[in-house]
1. Among THR63, THR13, which comes first, then next, by fewest other beta-carbon atoms within 10 Å?
2. Can you tell me the orientation of helix 135-150 relative to the chain, as the angle in degrees between its alpha-carbon axis and the longest Cα principal axis, to the nearest 10?
3. Could you work out [θ]222 nm for the chain from helices alone, using -39500 (n - 2.57) per DSSP H run of at least four and dividing by all its residues? Round to the nearest 500 deg cm²/dmol.
4. Which one of ASP73, ASP15, ASP119 has the biggest mean-square fluctuation once the chain is modelled by GNM with Cα springs under 10 Å?
5. Taking the Cα centre of the chain as the origin, how large is its charge dipole in debye, to the nearest 20, when only Lys and Arg (+1) and Asp and Glu (-1) carry charge on their Cβ atoms?
6. Show me the trypsin sites (Lys or Arg not before Pro) within segment 1-81 that DSSP assigns to loop and that have at most 11 other Cβ atoms within 10 Å of their Cβ.
7. As a footprinting exposure proxy, order TYR25, TYR104, TYR152, TYR90 by other Cβ within 10 Å, with the fewest listed first.
8. Taking the Cα centre of segment 40-99 as the origin, how large is its charge dipole in debye, to the nearest 20, when only Lys and Arg (+1) and Asp and Glu (-1) carry charge on their Cβ atoms?
Amino acid sequence: MANIDDIVKTRFTSDKHRFITNMIYTANWIQNQFVDFLKPFGISPQQFNVLRILRGAKEEWVTMNDIKSLMIDKAPNATRLSDKLLDKDYVKRKRSESDRRIVYLSITTKGLALLKEIDEHEEMSSIDRFNGISEEEAKLCSEIIDRLRDSY
C-alpha cells in the first residue's frame, strides 16, 4: 500500500498536515478514476451529476438554480453543461412563461437510459474498489470528513 509520505516525497509537520494532504490527494485520485470511468460514456462527472439530480428530482422540471445548488462540484458553467447535455439529447430545457430568466431542465428517456447503463457498470468499477474498507471504517471516515467541513 502506498503511503502518502512516499507519494508526495515530503516530511509532514504534523499528523493533521499529513491527513489534510492525504485527503486532497485522495480526493483528486478518486476524481481522476471517475473521469476515466465516464470517458466511454462520453460525459463528464459534472454532466453525470446533473443527470443524477434530474433523475432523483421529485418534479419533472428542475430550475437551473436548484441544480446548481445541489451539484457536488459547484460548477459556474452550469449553462454550458446543460447545453452539452441538450446537444446529446439527454435533457430538455424550457424557460418559465412568467419569468424568462428562469430556466428549467428535465431528463429525457435517452438520459435515463444512459444513467441505467452507467449504473450497471458503476458498482463494478467504483464501489468494489473500496472493499478493503469496512462499513464501520467508512462511517468513521465520513464522520471525520463531516467534522472537518463543520469546523469552517
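1. Least to most surrounded, the residues fall as THR13, THR63.
2. It is inclined by approximately 80 degrees.
3. Only helices count here, giving -19000 deg cm²/dmol.
4. It is ASP15.
5. Dipole of the chain, to the nearest 20 debye: 840 debye.
6. LYS9, ARG11, LYS58, LYS74
7. Ranked by crowding around the Cβ, least crowded first: TYR152, TYR25, TYR104, TYR90.
8. 140 debye
Just so you know, all these numbers are worked out from the coordinates, no wet-lab data involved. Only a predicted model underlies this, so the values are computations on that prediction, with no experimental measurement involved. Note that we place each Cβ from the backbone using ideal geometry, even for glycine, and neighbour counts take in every protein chain shown.
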